[in-house]
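Have a look at the structure below, then the notes.
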């Protein structure tokens with residue numbers, strides 16, 4: 001039987017072999033640019049317009065400044081055939097959930113099929129997408145075998161290295177976060193440790209196997225989700241007690257071992273999604289994960305609670321709810337980024353509509369066409385566009401919103417401003433002339 005030679009780290013370092021990146025979004029593009037500092041890279045995306053804008057030096061996600069980054073070693077392409085020149089291919093496509101909270105593996109399977117159809121003998125395929133433990137070997141490997149005609153372990157190998165990108169975070173950039181890697185065998189694990197280790201300043205942790213690395217990734221966001229759910233549930237209790245949640249957290253936070261989490265809307269493509277991958281697998285194995293799902297229910301209910309609280313404030317002020325106008329400031333899933341995926345601000349919008357309220361949405365970061373296409377919501381050009389408003393909900397902590405003063409809210413309000421401060425931005429002592437509500 002013919003012996004297949006797999007690449008060694010020096011093959012990539014010396015430029016003899018290339019690294020392919022499949023999916024050039026929030027994860028793939030920063031990784032491609034980082035790898036290009038030491039290696040030759042092929043950056044592939046199915047979206048032709050995305051490739052064209054990257055070639056022009058523009059990144060609509062705002063994660064990479066392509067005007068400053070050196071991308072001479074990156075070949076951006078929408079032709080999957082270019083992957084045939086790559087002996088190490090990294091798949092970084094999204095892994096969302098469907099409307100039933102079940103993992104939607106279509107993007108991952110599609111990317112895997114594309115890679116398999118262009119897989120060269122003796123190559124290594126690495127997955128960075130968030131999955132449940134076991135998915136890489138149970139779902140992706142058989143698909144790679146079937147579509148490529150190559151034999152696993154003998155003619156191609158796989159690895160898993162969970163992405164840890166935090167969109168919008170310019171401090172904890174990809175090279176400054178410890179990278180977890182794993183391989184289907186010791187040789188592959190060591191290869192990935194060397195490759196990633198050559199560009200990751202924070203160091204690399206080699207997990208004992210792929211399933212362990214997959215589990216490590218999915219529990220990172222599950223842990224955060226549960227901690228936020230606890231604080232959100234406490235907020236629900238404290239509001240019934242007439243206590244300001246932020247004041248309670250400030251007092252409790254004086255103890256050295258108190259974990260400092262804040263209440264809020266849990267959206268996005270990680271914290272609000274990843275736990276469902278773990279619960280899906282757990283239920284498949286016959287175990288019902290009560291704590292994780294309880295946390296998800298609480299966090300998914302917060303948009304409705306915020307909208308109901310805004311309506312109650314208007315009623316308290318003697319305003320007519322039906323036909324009232326409310327400005328929602330911010331629709332991205334977190335501050336200072338353009339990403340609107342799984343935004344829980346939309347829950348506030350829809351709940352207000354159910355009360356007969358006319359909601360207006362302003363966001364200086366979000367793309368107007370994308371918001372319209374994704375949610376059917378027309379963004380207003382400025383906060384003043386629909387003024388005066390009966391209430392204002394500041395849902396996202398964009399830097400442009402943190403500096404707003406009382407005069408601004410007076411200017412855009414019908415009478416005494418009603419401010420629903422989801423992120424606890426504004427100090428009560430400076431907003432005494434308003435009806436200020438903080439989550």
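Derivation of every value follows stated rules applied to the coordinates shown; laboratory data play no part. This is a predicted model, so every value here is computed, not measured. Methodologically, a virtual Cβ is constructed for each residue, glycine included, from the backbone with ideal geometry; neighbour enumeration extends over all protein chains shown.
Among the residues of the range 314-352, what is the count of those that are within 23 Å of residue 399 (Cα to Cα) and in contact with a helix residue (DSSP H, G or I) (Cβ under 9 Å, 6 or more places away or on another chain)?
Number satisfying all stated conditions: 20.
Exactly one of (1) surrounded by fewer than 17 Cβ atoms within 10 Å (Cβ to Cβ); (2) in contact with a strand residue (DSSP E or B) (Cβ under 7 Å, 6 or more places away or on another chain) is unmet by residue 410. Its number?
(2)
Give the residues of the range 90-110 that are part of a helix (DSSP H, G or I) and surrounded by fewer than 24 Cβ atoms within 10 Å (Cβ to Cβ), sorted by residue number.
Pass one, the range 90-110, residues part of a helix (DSSP H, G or I): 106-110.
Hits for the range 90-110 are 106, 107, 109, 110.
Can you tell me how many residues in the range 10-51 are surrounded by fewer than 18 Cβ atoms within 10 Å (Cβ to Cβ) and over 24 Å from the mean Cα position of the chain (by Cα)?
Looking only at that region, the number is 8.
In the set 218, 273, which member is under 21 Å from residue 108 (Cβ atoms) and touching a strand residue (DSSP E or B) at 6+ places or on another chain (Cβ under 9 Å)?
Being under 21 Å from residue 108 (Cβ atoms) and touching a strand residue (DSSP E or B) at 6+ places or on another chain (Cβ under 9 Å) holds for just one of 218, 273, which is 273.
Out of the range 180-197, which residues are more than 14 Å from residue 127 (Cβ to Cβ) and in contact with a helix residue (DSSP H, G or I) (Cβ under 7 Å, 6 or more places away or on another chain)?
Those that are more than 14 Å from residue 127 (Cβ to Cβ) and in contact with a helix residue (DSSP H, G or I) (Cβ under 7 Å, 6 or more places away or on another chain): 191, 194, 195.
Applying the selection to the range 411-429, what residues are more than 34 Å from the chain's Cα centre (by Cα) and free of Cβ contacts under 8 Å to residues at least 24 places away in the same chain?
Initially, the range 411-429 is screened for residues more than 34 Å from the chain's Cα centre (by Cα), giving 411, 414-416, 429.
Hit for the range 411-429 is 429, nothing else.
Are any of the residues in the range 239-262 in contact (Cβ under 8 Å) with a residue 40 or more places away in the chain, farther than 26 Å from residue 423 by Cα and within 26 Å of the chain's Cα centre (by Cα)?
No - not one qualifying residue is present in the range 239-262.
Which of the residues that make up the range 349-373 are within 25 Å of the chain's Cα centre (by Cα) and either surrounded by fewer than 16 Cβ atoms within 10 Å (Cβ to Cβ) or assigned to a loop (DSSP other than H, G, I, E, B) (or both)?
350, 363, 364, 365, 366, 367, 368, 369, 370, 372, 373
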